[in-house]
Structure formats: C-alpha cells, structure tokens
Amino acid sequence: MALEKLVIKNFRCLESVEFDPHPDGNIIVGENASGKTSLLEALFFVGRGRSFRPSQADGLIKDGSPAFQLVATVGHKGRSLVLGLEVAKETRTVRIGGQPAKSLGELAEYLPVQVIDPDVHKLVEDGPGGRRQFLDFGVFHVEHTFLETWRRYQRALKQRNKALKTDPKVASAWDPELIQAGEALDVLRRAYVDELLPVAQDWVRFFLDGDLELRYRSGWAVDRTLAEALSHSRQRDRDFGATLVGPHRADLELRVHERAARGRVSRGQQKLLASALLLAQVELMETRSGPGVLLLDDPAAELDGERLSRLLARVQGLGSQCFVTGLSLEALAEFKSGSVFHVEQGKLRRVL
Ligand SMILES: Nc1ncnc2c1ncn2[C@@H]1O[C@H](COP(=O)(O)OP(=O)(O)OP(=O)(O)O)[C@@H](O)[C@H]1O
Ligand SMILES: [Mg+2]
C-alpha cells in the first residue's frame, strides 16, 4: 500500500498542494516554517484520521478557511483507490472509493502510516497510553480479528463505567462481555509482542548496541485471570466509579541494558529506542500485511551524523514508501532513492 497522489487544500499553511510522490523514497526540503511537517501531517491524517502533533482536527484548518480537504489516491490490493476527506469546524466527511464512510477511523485499513518525529521519545518517556496505541496499531495491521475485539471491549468498558457511576449494582452485568473480549485482546497483544521482540531487538542493537527486553503488562495482576481481578477490584471500582483493571490499563515495559528505559536512559537514547520500536513495527507489518508508509520528520535534527547515515541507509532497504524531511539535501545525502521536493511558504515543487 503506497500513496500515489495527494491533493491538499487549506491544511495548516498548505493552501493548495498537489503531491505526486515517488513509490519508494521522497525527500522534502525547505526552510523552517516552510510547511514540511505540515505535508507529512496531511499524509498521516489520510492514514490515521488524526495528526501526530498535539492538535485538534479543526486546528489543522488553514487560518481563515472554513475546512480542509485531502484527496489521496492509494495503491490497495493491486488497484488505485481514492480516499477523500473534508474536515470543517463541526463536521467530518469521509469517502472511500467514492462511498461515504461512517468515521475517520475507517481510513486506517487503507494507508498504514507510521511516523518518527522529534517527539518520538515520548513513546518511551510518557505514560502507557502512547505505548498501548503503538501496540494496538501494530496488532490491528497484522491480525484481522483485532478491531472487532477491541470495539467489543471498549463498548463493554464504557457501559460498565457508566453503570459504576450511576447504578453500581448493575455494573457486573457487563463483566462476561468485558472478560471475553478483554482476554481475547490480551492474547492478541501478547502474540504480537512475541513477534515484534526479535525484530525490535535487531533495531535496538543497530542503534544502541544494547539488549532490549519488552514485557507486556496485561493491566491486571499476573497471578489472576481477568475475571478474578475484576472480582477482586469490585469495591475499589465502585469507590472510584471506574473499572481499574483490564487491557485498558496495560503497558509495554521497555528495558535496555537490563535497566528500565523510562526515566533512566538519556533523552537521545530514548529517541533511538523509540525509533527502533517504530521501525521494527513497520518491518513486521511489511512481512505480515505488505509495505506501508514511513514518515521521518527532520531526522538530521535528532541523530548524530554516523547514526543518521546508518538509519537512512537501512530505511531504504525496507519495502515501505518513505518520506524524509530536512532543512537541506546535504544532511540527507545518504538517502538516495526516489524524488526530491522543495517546500517554500506552503508551495511544493519537485526538484529531482
Ligand atoms: N492552522 C494553520 N493555518 C495556517 N498556518 C498554520 C496553521 N498551523 C500552523 N501554521 C503555520 O504553518 C507553518 C509551517 O509549519 P511546519 O511545522 O509545517 O513547518 P516546517 O517546515 O516543518 O518547519 P521546521 O523546519 O521548523 O520544522 C508555520 O509557520 C506555522 O505557523
Ligand atoms: Mg517541521
């Protein structure tokens, strides 16, 4: 799955852009505030229905415009498919192959996109929410039963939490569904972590010269089933008015050189570790469900010269379509495949 064409209207500083990317590699250069990250963001939005920067969808609309539009042509199962979306302050419209879709979430299947940006270390440093999202994105793309299971779990959790706040006596009516979907989710995530670990270890050795341990924490005590944990937590759940155990409390514990990565390794090492995990995910996705799209936003600002060259060289060996931004072409000299684009004041032109 690759991006064949992207037409952007009124997305951040990009008023009107037609982007015809190369199927393998694309370099996007431009000065600060020219619109490089905005271009990657537009691309990410087509795949995920959200930005990778902390911003509400309507904050992405160009100042003074009522809405932004993105029309992407993507290669999907051997044919071209058009994904269209419009985001206005109050409304969202999504079309997949000309047919209206219910939500932005439905886009995820058509353009698997992953990003490594200057905030990548947050995957390691911040709370477990980002790591669960990372994990679930990976499972979603390799395991087709995931989405339905995840939705069932979220529905049951929402209803149970609502009941805990309004009528705690009926909350346990949601337990069977919560347990069944929750245990299934747990099995899928564990299997994924087992598959991801050797690929991630390889990338961590490549970047950090260290051994990675990934430990999946279910979100409830290891010596209990989810049913036992829910029953044990019943009174606390009532006191807090929320379900305190289950896959929605899971985490992925990261250890490098036998030390917990969070709060222990340097910021630079956190960036490398997070990049290693994301690249491992892209690589695993390629082998399981075909190539996707990888965005590298300003890697030259994050990595020393030696690591940057190694990263760019290795990324080109992946089958995924790559988009790399930078202030100048010289910094990205190691990245040789594909086309080069220049962005200036929100205007894009191909230069090579
Ligand atoms: N909603 C918006 N409407 C109009 N312009 C916006 C909007 N949001 C952000 N911008 C502007 O878009 C410009 C480009 O931002 P962007 O982050 O894409 O630049 P960049 O080329 O990645 O810069 P850098 O090299 O500093 O990372 C900035 O000047 C920013 O203020
Ligand atoms: Mg930028």
For G346, only one of the following conditions fails: (1) touching a helix residue (DSSP H, G or I) at 6+ places or on another chain (Cβ under 9 Å); (2) touching a residue at least 60 places away in the same chain (Cβ under 8 Å); (3) within 27 Å of L14 (Cβ to Cβ); (4) open to solvent by 10 Å² or more (accessible area, probe 1.4 Å). What is its number? (4)
Taking N32 and the conditions (1) within 20 Å of S320 (Cβ to Cβ); (2) in a loop (DSSP other than H, G, I, E, B), which numbered condition does it fall short on, given that it satisfies the others? (1)
What number of residues within the stretch 294-331 are away from ligand 2 (no atom under 14 Å from the Cβ) and either open to solvent by less than 70 Å² (accessible area, probe 1.4 Å) or part of a loop (DSSP other than H, G, I, E, B) (or both)? 19
What number goes with the only condition from (1) of a type in the set (A, V, I, L, M, F, W, C); (2) under 20 Å from the mean Cα position of the chain (by Cα); (3) buried (at least 19 other Cβ atoms within 10 Å of the Cβ) that F341 does not pass? (2)
Restricting the stretch 264-319 to residues that are out of contact with any helix residue (DSSP H, G or I) (no Cβ under 8 Å at 6 or more places or on another chain), of a type in the set (A, V, I, L, M) and away from ligand 1 (no atom under 16 Å from the Cβ), the residue that is modelled with the lowest pLDDT: A313
Looking at (1) in a loop (DSSP other than H, G, I, E, B); (2) within 13 Å of ligand 2 (Cβ to nearest atom); (3) modelled with pLDDT of 95 or more; (4) within 23 Å of the chain's Cα centre (by Cα), which is the one condition that is false for R53? (3)
Residue under evaluation V94, criteria (1) away from ligand 1 (no atom under 13 Å from the Cβ); (2) surrounded by fewer than 19 Cβ atoms within 10 Å (Cβ to Cβ); (3) not acidic (D, E), criterion not met: (2)
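Counting just the residues of the stretch 113-133 that are in a helix (DSSP H, G or I) and in contact (Cβ under 8 Å) with a residue 12 or more places away in the chain, which one comes out nearest to ligand 1 (Cβ to nearest atom)? Spell out how you get there, then give the answer.
So the first thing to find is which residues in the stretch 113-133 are in a helix (DSSP H, G or I), and the list is 122-125, 128-133.
Filter once more, keeping what is in contact (Cβ under 8 Å) with a residue 12 or more places away in the chain: 122-125, 128, 131-132.
Details: K122: 17, L123: 19, V124: 22, E125: 21, P128: 28, R131: 25, R132: 27 Å.
Across the stretch 113-133, the extreme among qualifying residues is K122.
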Of the conditions (1) over 19 Å from the mean Cα position of the chain (by Cα); (2) free of Cβ contacts under 8 Å to residues at least 24 places away in the same chain; (3) open to solvent by 50 Å² or more (accessible area, probe 1.4 Å), R215 fails just one. Which one is it? (2)
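Restricting attention to the stretch 16-34, which residues are within 12 Å of ligand 1 (Cβ to nearest atom) and open to solvent by 10 Å² or more (accessible area, probe 1.4 Å)? Working first, answer last.
Pass one, the stretch 16-34, residues within 12 Å of ligand 1 (Cβ to nearest atom): 17, 28-34.
Correct list: V29, E31, N32, A33.
The values are calculated or read from the model by the stated rules, or taken from the named source; none is laboratory data. Since the model is a prediction, treat every value here as computed from it, not as a measurement. Cβ: placed from backbone, ideal geometry, glycine included. Neighbour counts: every protein chain shown. Just the protein is used for accessible areas: all its heavy atoms, side chains included, with ligands, DNA and RNA removed. Shrake-Rupley method; radii C 1.70, N 1.55, O 1.52, S 1.80 Å.
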